[in-house]
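A quick write-up on the structure given underneath.
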Amino acid sequence: MQVRGSEILVVDDEPDNLELIVRTLRGLAPLLTATSGAAALELLRHREIGVIVTDHAMPGLTGVELLERATRLAPTAARILVTAYGDADVLTDAINRGHATHVLAKPFEPRELRAIVARLLAAPA
């Protein structure tokens, strides 16, 4: 996948989860955070995002809905969904509607997330 943007956008409505992901990804690229899908969409309209990491279960827009809308605003951004739901429908929607490049189940291994994002950012553009 060709990732063009240089920033990582982390989206989660839970402050502890948001901070865990930020700590995990710190130092890979500039990080932006949003606590809602609406705030994330606003950032996507104005920034060059290379990787989106989003929780699924959020009020307002779900992670899948956010990723689906992100495909129009940031078509070259890699999209990672983090979810506590092992539901096959969520997985299918993440891939088919949200064009997720990766889906991680909670609790996830921070080293795995960091390695995935590092690989995505290092891929040739």
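Some values worked out for this structure:
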{"item": "Residues (in contact with a Ser or Thr (Cβ under 9 Å, 6 or more places away or on another chain), within 21 Å of A115 (Cα to Cα) and either outside any helix (DSSP H, G or I) or without any contact (Cβ under 8 Å) to a residue 12 or more places away in the chain (or both)) located in the range 20-47", "result": "A29, P30"}
{"item": "Subset tally (residues that are crowded, with 17+ Cβ neighbours inside 10 Å and under 13 Å from T62 (Cβ atoms)) for the range 80-90", "result": "4"}
{"item": "G86, sole failed condition from (1) closer than 20 Å to N17 by Cα; (2) assigned to a helix (DSSP H, G or I)", "result": "(2)"}
{"item": "T83 being touching a residue at least 40 places away in the same chain (Cβ under 8 Å) and among the hydroxyl-bearing types (S, T, Y)", "result": "no"}
{"item": "Residue ID - surrounded by the most Cβ atoms within 10 Å (Cβ to Cβ), chosen from residues in the range 112-121 that are touching a residue at least 24 places away in the same chain (Cβ under 8 Å) and more than 15 Å from T54 (Cα to Cα)", "result": "L120"}
{"item": "Residue identified as part of a helix (DSSP H, G or I) and touching a strand residue (DSSP E or B) at 6+ places or on another chain (Cβ under 8 Å) among V103, V51, V117", "result": "V117"}
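Read-outs throughout are calculated quantities, based only on the coordinates presented, and are distinct from any laboratory measurement. Not measured: the values here are computed from a predicted model. Cβ sites come from the backbone with ideal geometry, for glycine too, and all protein chains shown count toward neighbours.
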